[in-house]
Every structure is written in structure tokens, then in C-alpha cells.
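See structure below.
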2 protein chains.
Amino acid sequence: MAMVNAFTAEDFARLSPEEQNLIERRQRVLGTAYRLFYERPLHIVKGEGVWLYDAGGNKYLDAYNNVASMGHCHPRVVEAITRQTGILNTHTRYLHESIISYAEALTATFPAALSQVMFACTGSEANDLAVRIARHVTGGTGIIVTSLAYHGLTSAVAEFSPSLGEFVHLGGHVRAVPAPDSYRTAPGEMAERFGRDVRAAIADLKRHGIKPALLIVDTIFSSDGVVADPKGFLKPAVDAIHEAGGLFIADEVQPGFGRTGDAMWGFLRHGVAPDMVTIGKPMGNGYPMSGVILRPEVVAEFGEQARYFNTFGGNPVAAAAGMAVLDIIRDEGLQANAADVGTYMRRGLQQLRRDFPQVGDVRGAGLFIGVEIVSDPAAKTPDAAMTTRLVNGLRERSVLISASGPNANVLKIRPPLVFSRDNADTLIAALRDVLALL
Amino acid sequence: MAMVNAFTAEDFARLSPEEQNLIERRQRVLGTAYRLFYERPLHIVKGEGVWLYDAGGNKYLDAYNNVASMGHCHPRVVEAITRQTGILNTHTRYLHESIISYAEALTATFPAALSQVMFACTGSEANDLAVRIARHVTGGTGIIVTSLAYHGLTSAVAEFSPSLGEFVHLGGHVRAVPAPDSYRTAPGEMAERFGRDVRAAIADLKRHGIKPALLIVDTIFSSDGVVADPKGFLKPAVDAIHEAGGLFIADEVQPGFGRTGDAMWGFLRHGVAPDMVTIGKPMGNGYPMSGVILRPEVVAEFGEQARYFNTFGGNPVAAAAGMAVLDIIRDEGLQANAADVGTYMRRGLQQLRRDFPQVGDVRGAGLFIGVEIVSDPAAKTPDAAMTTRLVNGLRERSVLISASGPNANVLKIRPPLVFSRDNADTLIAALRDVLALL
């Protein structure tokens, strides 16, 4: 999907005077780094549940934004933030009940060994902290990631986020292994192949005199193109990093909080035991918060020595927002809903695959779905141009999704977890419509 | 001031059963990194203006917390956050009016050359981004900081935050120069000495084959012990880094937003022109937000190439909170109040200095005040033990301050900007009381 920061004269002329004015002001004051979705950007002014509304009163089905996983402006989250913001917002150097209760409720959703949490504000900060801890405890510096991984934007994390592109250099201590590809690999070979690639990366690090510190993976491989199955394929790779004295970090910023349907956390689908888990995005349904869940023995010495303090991390408002999110997931059965609607949606998409040869593969778990678009289904040839046209075609039909993958040819469907079967029908009907036209 | 994460049996026994329970649960779930202020920690449950309230209904005068610079739970900030959280909270890849208006209002408080802003969530993220940009545009990696600087906690920023202590190693590309010390240096020598030290660091970087990228200073030198005067002493150092092809970054996370009274931003007091300015803490009066203000030509290429996107940075709620803060500073005249009450408070503290030989020096700007405590005023011998006793003595009298500086002997007085002359009288009377007793 095209992200735009400079418009062609033709595209720009198509926009309304109000949009043109906003874009000009935006470019002047925010500069070159800020991109907009779509050649026809959306001017969104309101959100509610799975719906976003633009300035003209048009309504869009949001099948993309995972931050608002509880639905946009969920009343219980709004209420929690409102209430606590009016009472107290300070930091963790005073005692406060709510951050402790929240930390207890949060860690209770993890295997017992992962019993502690440290709070930050963004997924980038969480991954940056996890790396600091891993280096401290292992004495190593080597990092293994997948070939199009995205883990964040700090200096240290950008160095192992190859999806940032050619201008953001990987660190000399970083090894990117081929991402697992369930479309082009037999299910029986997925685990062995990924394990072998990680072992090779470990050997290469050692050959360069670099001690491995960690393997980190997004357990749904979002930017690598969404890879969910077969369950368990992570195991040999995790064993390999452990044998090499490194840690395994599960980046659950995208798959976490019930999205995969099978489990609260993506790594549980694979039956592996992370040393640390990083979480973020939907954690406060939009309130800036993130965390690292860890085994006490991993962090004990670092904690004593490093004087880590995050001014905003774990403040009382974050605790209130985070607790509301956990309550909503439980009370509204959102993990089960993700499983149910996700399965339903994949079934509908499989029907599209049978009807349209461009739909090469349908995959995912729960409400994290990838649809691979190809020009030749036999050769599985990626078709990025067609993918962009589908994303834009859906936008013209008021359905918002995105694309990812090494060849930018995987439709990324990642709606709020309150998405219904009806919503899935709407999405599939719109996609069928666009496919039929192209 | 003591920060505590493990209590002596004696100290622990003095706490209430409720406090003991909270601390035990906290240590279990948050682990070793989390420190509490005071041997008798505060269990704060409510905040309003300059006041914090504990669970027992006791009220504390807050002369420490600069995040809540508009006062705790300022109604206009609460209202702005509440309203926008209920309408829409999404990101900068859709068009939204408020982030543009806010960015325009914010950059309007800077010299015209600093016309663009990029948003993040924490001061650490802002400094981390500034470093990425500086390295990109200069091609250098060398960083010069002061000897007890604190700029943040990401991997990259911790490497140039010497105040984190011996266990957090400085980077090989980092040079820490002696912090300016207005108590032990003649006013006429401050500028020349700091400039000379920065020049020496630049020469040393070059001698090691390291190209200088930047000089970064907190323009009030908070963790270095609060150094404000003489105005203008930064100029030769800034000239030196510019001559060496590096950038000057003003870290305004602490002095910014009117706190120094003389100006909205601390660097303006020194008449220097930063290439980038980082801001945070009070920016949203507690809402997690930060930013880098920059000259367009500094960021143009990095912006095009680096794919920087901060999920929560610059979201509509942050824009609403940030705009409320700018409005309050203007409508309530908080910069002028900081100047007035700051001058009034320093006058009162100077009187204490005449009455008590332990008070060696009173300094600062606006409502950022340092009071250096010494055992021998003639020799200016730092007295950290006495400083801790004063901080704890004030806490027993329900006044909250802290300490900083290389010898932990500088009282750090940094209240919300709504602090009144009456509040200053309360603080000074309490401090006189403690000094008289010790």
C-alpha cells in the first residue's frame, strides 16, 4: 500500500481544498518523515467500535488498526482514563495500588515463570529495554531476527529492524535469517528449516567472535507477511538460541492480547518458553503504554544496577487503561471472538481463493490474517501492484486494510477484536467486488 | 535523597501493614529495578494543583514534580484528554487537524529557524531520535555530554547518560566533559572554561578517529546540580561543536515550557541557536508525549529515508493535551509566575544562607532552583548526608523536594509552575525549621 509524503500534481489536484490545505500545513510543520496512507488520504475525525468517520461524515470499516483492539473509543477505556486523569497521574516512585494490581493481573495471563513486568511507553522502548537486559545477563551482543522484521525505531532497535529498508543499516552484530514462509514451504519442513537458519546465524555470529545475546521474533511475523502455521514451528529455533546461551524474546506487540484467537499470547501457540515478552500497541487501547514481561532471574542484576526509570511508564492512568483492556477482553470474550470471526473470515477468503487465481494463499490466526496476492498461482509469483490496487479499491469501498511482506503482496487484515461475522461479510463482499473489477 | 528498593528490617517494621503489603506485592511483580522515594515511602492517591494527598488523607506540598507543571490534574488538561479520548485516538497516517494546529502553536514558541517538529512519547525517545538524525546529517558518531548528564534510558541514550552510574557504560564514542560549576568558578570564567572543555573533547574524539556528531546539554544542568548562570555561558561550547561540523542539541525536557521564567526555553537564556531541541515531561502535563523541534534542512534527508513512524506519537489525544498545556501557560501567565515566584523563593533561600552555614549556594532560574549543602562554607565541601537529612526532614514536614549533583548535595526544587509565593513561604519555613534542628 502506498504511503505518501509527496503528492503528484495530479493526485493533489483531486483532493478537496480543505484536504490540500491540511496537507500543505502538515508538510510545512511535520516535515518529510510523516507519511499518509493512500493517494487519497483519509481525514478521520471520529471513531467508534470498528468504525472510523471522515470529515465528510463517511464511515469506514476499520480492518487495519490493532491499537484500538477493543474498538475505537471503547466506553470502559474512556471511562477509566477519564476517571484516573482527574484524580492523580504521577509515577512509580510513590506507592500506588493500581499499578501493582494491574501488574498482577497482567502477569497472571502468562506462564508462571514470567512473573515480573517492567513498564515503558512504546513497543520500541520495550524492545530496547529487553535488549539491554539480554546483553546484561548473557554478556553477549549478537542479535538474530527475521529478514523483514520490524521491532521498533530507537537507534538500537532500528539496527535489527530490517523492514526499515536499505537506508537504515543493520548492526554488525545483527544477523537476519530468512523469514518462515508457509506458502512456499511444506508444513513438515517449516520447523526444521527455521531452526536450521537460526543455527546457521548463531554459527556465523560466533565465527565473527560475536557472542549471541538473543533471538527475537514477532510470533505472527506481521511485517514478514503474516506466518502463523504450523503451530510449534518456532521450537527448534528457540532451542538453538538457548543452547547457544542466548535468550528468546517473543515480540507480542502485534499478536498479543488475544488477537490470534488460540491464546492470549502468540508464543503460546508454538509451545515455546520465552525469557522475555514485549507487549504494546493494544495494551491501553490507544493510551501510550508498553511492557516487558520477564523471569525474575533474568532481570535481577540489571534491575539492581541499571537505575532504569521510565517517567511515564506504569503511571496510574496507564494502569487504569491497561486494567480496563484486560477486563474487556475477559468480559466480552474477545479472544474467543477473534477465534470465531477469524475462522469465519478465513473460510470466506478461501472461497475467494477458489474464485480468483490472484488470491494465492489465505493464512493467519484469529483476527490476524494474511492474503497473498500473486500473478501466477502455479509459480506463486508475488504481485505488489495488484495488492496496492486491492488495498486502494477497498478504501474506495470504505474498508480499511493494509499490505505487508517482503514483496509487499500480502493483504494484512488486522481489525479491532470486536469485529463481527457481519463485518467480515462486508469486507469479503467488498474484496470480491474489487477482485471482479480488476 | 535515598531511593529505596530494599528496606532494612528496621525501616520496614516502621511502615503500616497496608504499606508493607503494597511493598511486598510490588517487589514480587515489579522486581528489582523499581525504586521508591524515601525510607518512609509515600502512598499517594490524589493530586490537585501543587498538592499531593496520601492514603491517610495527609497533604503534601509538591516542590519536586515537573511533569505536572500545570499543577496536578489541571481541569483544562483533564477536560482536553477526556473529550478527545471519547471522540478519536488514532495515529498520524490519517489526516487530523489537531496535530497540525498543535505543531504550529508549539513551533511558534521557538525561533523561526526551528520550524518543524517530530513527535514521540518520552524524552528518551526524543533524544534517541535526535541522535539518529544528527548521525545521519553529520556522518559522525561522536557525542559530547556533561559529566553527570541524564538524557534517557534507551540503549543509545543510556550510553551518553553518565548519571546512570558505573554499571551503565559510556559508549566508546562518548566524551563526558566537566559540568559547569557556577559555585566554584568565577562568573567571568564559566563560558571560557566550558568552551575549552568541549574543544578538548572534540580534539580527543578526532584523535581517536571519531567524527563529532553532536554536543547535547540539558540547558539547566539538572542532574549536574542545577547550573543557570551566567546567562550566555553556553556560547563558546556551541560555537566549538558547530566549527567541528557537529550539531548542538538543547535538551529542554526539564527546563522547557517556561520553567526558567526568563524564557519559554532554557537555551534562549544563553542566546544560542540549537540545531534540534528535545522536549518532554510537562508537554502533556502527564500524558506521555515528547518531541524533537528541528530545522527542516537538518531532517530533510533522514525523514525521506528512515521510515520513522511512532505509533502513539502525535496522536489526537496527545495533541489535545499538548494544546491545553500551551493555552494554560499563556492564559495563566505561568512563565511570568515562574520568574516572580522563583526570584521570591531564591531571595528567601539567600536569607537562609546567611543564617545557616550549611547552605553554601542558592542558584537557578525561575522555578528550577538548586541549593548546595556544604559542611564547610569556606572550603565549599559537599555534604551529601546532610542533604539527605534535609530532604527527609522536609518530607516529614509534608514538603516534597529532591537532591542532585555530582556529590548528591544539591537540593533540587522544581515545583509545578502554579507554585505561589505562599507556597514558597511554606517551603522556606519548613526548610528553616529542619536546618535549625539538624
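For segment B:379-389, state whether one or more residues are surrounded by 24 or more Cβ atoms within 10 Å (Cβ to Cβ), assigned by TED's automatic domain parsing to the domain that holds B:GLY49 and at pLDDT 95 or above.
yes
Can you name the residue in segment A:271-283 that is in a loop (DSSP other than H, G, I, E, B) and more than 8 Å from chain B (Cβ to nearest Cβ) and, of all such residues, is surrounded by the fewest Cβ atoms within 10 Å (Cβ to Cβ)?
A:GLY271
State which residue pairs qualify: first residue within 23 Å of A:VAL317 (Cα to Cα) and within 14 Å of another protein chain (Cβ to nearest Cβ) and inside segment B:317-343, second residue open to solvent by 40 Å² or more (accessible area, probe 1.4 Å) and assigned to a helix (DSSP H, G or I) in any location, beta carbons under 7 Å apart, and separation of 6 or more residues or different chains.
B:ALA320/B:ARG83; B:ALA324/B:ARG76
Restricting the search to segment A:156-185, which residues are surrounded by 17 or more Cβ atoms within 10 Å (Cβ to Cβ), among the small types (Gly, Ala, Ser) and within 14 Å of another protein chain (Cβ to nearest Cβ)?
Scanning segment A:156-185 gives A:ALA156, A:ALA158, A:SER161, A:SER163.
Just a yes or no: is a residue in segment A:9-26 free of Cβ contacts under 8 Å to residues at least 12 places away in the same chain, at the interface with chain B (Cβ under 10 Å from one of its Cβ atoms), under 21 Å from B:TYR287 (Cβ atoms) and open to solvent by less than 20 Å² (accessible area, probe 1.4 Å)?
The answer is no, given that none of the residues of segment A:9-26 is free of Cβ contacts under 8 Å to residues at least 12 places away in the same chain, at the interface with chain B (Cβ under 10 Å from one of its Cβ atoms), under 21 Å from B:TYR287 (Cβ atoms) and open to solvent by less than 20 Å² (accessible area, probe 1.4 Å).
On the given criteria, is B:PHE368 within 22 Å of B:THR219 (Cα to Cα) and hydrophobic (A, V, I, L, M, F, W, C)?
So B:PHE368 fits the description; yes.
Pick out the one residue from A:VAL45, A:VAL50, A:VAL67, A:VAL29 that is under 15 Å from A:PRO416 (Cα atoms), crowded, with 19+ Cβ neighbours inside 10 Å and within 7 Å of chain B (Cβ to nearest Cβ).
A:VAL67
I'd like the residue in segment A:121-132 that is open to solvent by less than 10 Å² (accessible area, probe 1.4 Å) and over 17 Å from B:PHE309 (Cα atoms) and, out of all such residues, is farthest from the other protein chains (Cβ to nearest Cβ).
So, considering only residues that are open to solvent by less than 10 Å² (accessible area, probe 1.4 Å) and over 17 Å from B:PHE309 (Cα atoms), the one farthest from the other protein chains (Cβ to nearest Cβ) is A:ALA130.
Among the residues of segment A:97-110, what is the count of those that are within 20 Å of A:GLY258 (Cα to Cα) and either out of contact with any helix residue (DSSP H, G or I) (no Cβ under 8 Å at 6 or more places or on another chain) or aliphatic (A, V, I, L, M) (or both)?
Selection size over segment A:97-110: 5.
Exactly one condition in (1) surrounded by fewer than 22 Cβ atoms within 10 Å (Cβ to Cβ); (2) over 21 Å from the mean Cα position of the chain (by Cα); (3) of a type outside the set (Gly, Ala, Ser) is false for A:ASP340; which is it?
(2)
This table checks each residue for (1) open to solvent by less than 10 Å² (accessible area, probe 1.4 Å); (2) modelled with pLDDT under 95; (3) more than 9 Å from chain B (Cβ to nearest Cβ); (4) farther than 15 Å from B:ALA158 by Cα.
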residue: A:PHE119; (1), (2), (3), (4): yes, no, no, yes
residue: A:GLY139; (1), (2), (3), (4): no, no, yes, yes
residue: A:VAL145; (1), (2), (3), (4): yes, no, yes, yes
residue: A:LEU148; (1), (2), (3), (4): no, no, yes, yes
residue: A:HIS151; (1), (2), (3), (4): yes, no, yes, yes
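Mind telling me which of the residues A:LEU417, A:LEU438 ends up being in contact with a Lys or Arg (Cβ under 8 Å, 6 or more places away or on another chain) and surrounded by fewer than 16 Cβ atoms within 10 Å (Cβ to Cβ)?
Among A:LEU417, A:LEU438, only A:LEU438 is in contact with a Lys or Arg (Cβ under 8 Å, 6 or more places away or on another chain) and surrounded by fewer than 16 Cβ atoms within 10 Å (Cβ to Cβ).
Any residue in segment B:58-81 that is assigned by TED's automatic domain parsing to the domain that holds B:ARG395 sitting within a Cβ distance under 6 Å of a residue that is aromatic (Phe, Trp, Tyr) and not in a loop (DSSP other than H, G, I, E, B)? List the pairs, counting only those 6 or more apart or interchain.
The qualifying pairs are B:LYS59/B:TRP51; B:LYS59/B:TYR53.
Going through segment A:205-234 one residue at a time, which ones are part of a loop (DSSP other than H, G, I, E, B) and open to solvent by 20 Å² or more (accessible area, probe 1.4 Å)? Reasoning before the result, please.
Of segment A:205-234, the ones part of a loop (DSSP other than H, G, I, E, B) are A:208-211, A:219-234.
Residues satisfying the conditions are A:HIS208, A:GLY209, A:ILE210, A:LYS211, A:SER223, A:ASP229, A:PRO230, A:LYS231, A:GLY232.
Quick one: which residue in B:GLU79, B:GLU104, B:GLU97 is under 30 Å from B:LEU427 (Cβ atoms), among the acidic types (Asp, Glu), surrounded by fewer than 22 Cβ atoms within 10 Å (Cβ to Cβ) and modelled with pLDDT of 95 or more?
Only one candidate qualifies: B:GLU79.
Quick one: is A:GLU189 of a type in the set (D, E, K, R), under 28 Å from A:VAL67 (Cα atoms) and either open to solvent by less than 10 Å² (accessible area, probe 1.4 Å) or not in a loop (DSSP other than H, G, I, E, B) (or both)?
No: the conditions fail for A:GLU189.
Name the residue, out of B:GLY286, B:GLY256, B:GLY245, that is within 22 Å of B:SER69 (Cβ to Cβ), of a type outside the set (S, T, N, Q) and either facing chain A (nearest Cβ under 9 Å) or surrounded by fewer than 20 Cβ atoms within 10 Å (Cβ to Cβ) (or both).
Exactly one residue qualifies, and that residue is B:GLY286.
Only one of these conditions is not met by A:GLU301: (1) assigned by TED's automatic domain parsing to the domain that holds A:GLU79; (2) surrounded by 24 or more Cβ atoms within 10 Å (Cβ to Cβ); (3) in a helix (DSSP H, G or I). Which number is it?
(2)
Going through segment A:320-372 one residue at a time, which ones are closer than 16 Å to A:PRO282 by Cβ and of a type in the set (Asp, Glu)?
A:ASP327, A:ASP331, A:GLU332
Checking B:GLY86 against (1) without any contact (Cβ under 8 Å) to a residue 12 or more places away in the chain; (2) open to solvent by 10 Å² or more (accessible area, probe 1.4 Å); (3) not assigned by TED's automatic domain parsing to the domain that holds B:ALA324, which test does it fail?
Against the list (1) without any contact (Cβ under 8 Å) to a residue 12 or more places away in the chain; (2) open to solvent by 10 Å² or more (accessible area, probe 1.4 Å); (3) not assigned by TED's automatic domain parsing to the domain that holds B:ALA324, B:GLY86 comes up short only on (3).
Can B:ALA176 be described as assigned by TED's automatic domain parsing to the domain that holds B:MET289, farther than 26 Å from B:ASN310 by Cβ and either of a type in the set (A, V, I, L, M, F, W, C) or modelled with pLDDT of 95 or more (or both)?
Taking the combined requirement at face value, the residue satisfies it.
The values are calculated or read from the model by the stated rules, or taken from the named source; none is laboratory data. Bear in mind that the values here come from a model prediction, so they are computed numbers and not experimental data. Using ideal geometry, Cβ is built from the backbone for each residue, glycine included, and neighbour counts are taken over all protein chains shown. These accessible areas exclude ligands, DNA and RNA; they are computed on the full protein's heavy atoms, side chains included. Shrake-Rupley method; radii C 1.70, N 1.55, O 1.52, S 1.80 Å.
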